[in-house]
Amino acid sequence: MSTALIPIQENCLNVLKNKYHGLPQFVQKMKIIMASELLFLPQHFTITQKRLVAYAIGLITKNHRDMCPDEFLKTKFVIHAKYFQEAFQLGNVKNGETYQDLKDAVDLFMREVGVLKLSNNDKNHCKFIWVQQCNYIESEGKIELYFSSLITDFLINFTGTNKYYVNYSLFVSHALRSQYAIRLYEILQTRQDTNCLIMSLQKFKTMFELEDSIKPSQIRSKILERAKKELNTKLDLGFDFELNKNKSYDGGYQLIISAKRNDKDIMKMLNFEEGTKYLTSKKQNQLKK
């Protein structure tokens, strides 16, 4: 599979620049930082749910990451509809659509339960939720969100088994319009070393909580091809993929996803900042040692 850089057109770059610099300062500075393992947990969010989770993670500070888990579980993250609308340029909040989308997202959070396999034995699994509590305060136009205990383990204290983490801008969730494209961008961030991800198609279905009845051709055309088209023209990180029959893989198919960089360093052009200053003070001290 070719590793050539993806050429990005100047007009696409100008669109990105205009979008980024048209956003409020607080959005430009928000970073999504989480342990890499979190991105492989099963999830099937709507685009609004995906953005809500990203926004809430963007509100996590270094002080939050130095908390003990029990203390973090009590932390309330407040998302105002007005600021959420500004972050993703969703149109006029007063028309009610943003409020309804947020209300629907809250309802879904409280109904959805993920299933995590503990081994290859289908009988060994655990059920979990991403959000332990999510309140929609209609009179104040805001959401109050508390992360669950399992998710908390991947959001703070990046040490031990969670020492590998991803760090990207909230602008990614703004620029991309598909939850699948956002998810694949996140997953590709975990492969900065090899730029390649190999898995069975069944594992991909589990991660994205897709119906068992969905056909490989549908996954190819409705998810992978569409996400590829969006990522390869909008941000710094795109991908190519191969979906091949292979009896040695669960479900009979092997999926290979290869990261492909654009020929311009878009993130630096947009003045994104990276580095250890976004880590916890504990982690910074470890790095110094």
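The values are calculated or read from the model by the stated rules, or taken from the named source; none is laboratory data. Every value quoted in this text rests on a predicted model; they were computed, and no experiment measured them. In this analysis, Cβ positions are derived from the backbone assuming ideal geometry, glycine residues included, and neighbour counts consider all displayed protein chains. What goes into the accessible areas is simple: the full protein's heavy atoms, side chains included, and nothing from ligands, DNA or RNA. Shrake-Rupley method; radii C 1.70, N 1.55, O 1.52, S 1.80 Å.
Just to be sure, is Ile182 open to solvent by less than 30 Å² (accessible area, probe 1.4 Å) and either in a helix (DSSP H, G or I) or within 17 Å of Phe40 (Cβ to Cβ) (or both)?
Yes; evaluated as a whole, the condition is true for this residue.
Take the range 11-35 and flag every residue that is out of contact with any strand residue (DSSP E or B) (no Cβ under 7 Å at 6 or more places or on another chain), under 11 Å from Ser169 (Cα atoms) and among the basic types (Lys, Arg).
Listed by number, the list holds a single entry, Lys29.
Could you tell me which numbered condition Met199 fails, if it satisfies all but one of (1) open to solvent by less than 40 Å² (accessible area, probe 1.4 Å); (2) in contact (Cβ under 8 Å) with a residue 40 or more places away in the chain; (3) in a loop (DSSP other than H, G, I, E, B)?
Here Met199 clears every test but (3).
Can you work out which of the residues in the range 95-144 that are modelled with pLDDT of 90 or more and of a type in the set (A, V, I, L, M) is farthest from Leu210 (Cα to Cα)?
Restricting to residues being modelled with pLDDT of 90 or more and of a type in the set (A, V, I, L, M), the top hit is Ile137.
Consider Thr46 carefully, then state whether it is closer than 19 Å to Glu209 by Cβ, modelled with pLDDT of 90 or more, open to solvent by 10 Å² or more (accessible area, probe 1.4 Å) and not basic (Lys, Arg). Spell out how you get there, then give the answer.
Values: closer than 19 Å to Glu209 by Cβ: yes; modelled with pLDDT of 90 or more: yes; open to solvent by 10 Å² or more (accessible area, probe 1.4 Å): yes; not basic (Lys, Arg): yes.
Yes.
Only residues that are touching a residue at least 12 places away in the same chain (Cβ under 8 Å), open to solvent by 50 Å² or more (accessible area, probe 1.4 Å), of a type outside the set (Ser, Thr, Tyr) and in a helix (DSSP H, G or I): list them for the range 203-224, please.
The initial filter retains those residues of the range 203-224 that are touching a residue at least 12 places away in the same chain (Cβ under 8 Å), namely 203-210, 216, 219-220, 223-224.
With the extra rule that they be open to solvent by 50 Å² or more (accessible area, probe 1.4 Å), the set shrinks to 203, 206, 209, 220.
Still in the list and also of a type outside the set (Ser, Thr, Tyr): 203, 209, 220.
Matches in the range 203-224: Lys203, Arg220.
Looking at (1) modelled with pLDDT of 90 or more; (2) on the phi < 0 side of the Ramachandran plot, which one does Glu209 not meet, given that it meets all the others?
All conditions are met except number (2).
Can you report the number of residues in the range 225-254 which are assigned to a loop (DSSP other than H, G, I, E, B) and not basic (Lys, Arg)? Walk me through it before giving the result.
Narrowing the range 225-254 to residues assigned to a loop (DSSP other than H, G, I, E, B): 235-236, 246-249.
In the following step, the residues that additionally are not basic (Lys, Arg) were identified as 235-236, 246, 248-249.
Going through the range 225-254 one residue at a time, the tally reaches 5.
For the range 185-196, how many residues meet the condition of being open to solvent by 50 Å² or more (accessible area, probe 1.4 Å) and assigned to a helix (DSSP H, G or I)? So that I can check it myself, show each step before the final result.
Narrowing the range 185-196 to residues open to solvent by 50 Å² or more (accessible area, probe 1.4 Å): 191-195.
Imposing the further condition that a residue be assigned to a helix (DSSP H, G or I) reduces the set to none.
The number of residues fulfilling the criteria is 0.
Which residue pairs have Cβ atoms closer than 8 Å, lie 6 or more positions apart in sequence or on different chains, and pair a first residue in the range 17-39 that is open to solvent by 60 Å² or more (accessible area, probe 1.4 Å) with a second residue that is among the hydroxyl-bearing types (Ser, Thr, Tyr)?
Close Cβ pairs satisfying both conditions: Phe26/Tyr83; Glu37/Thr161; Glu37/Tyr164.
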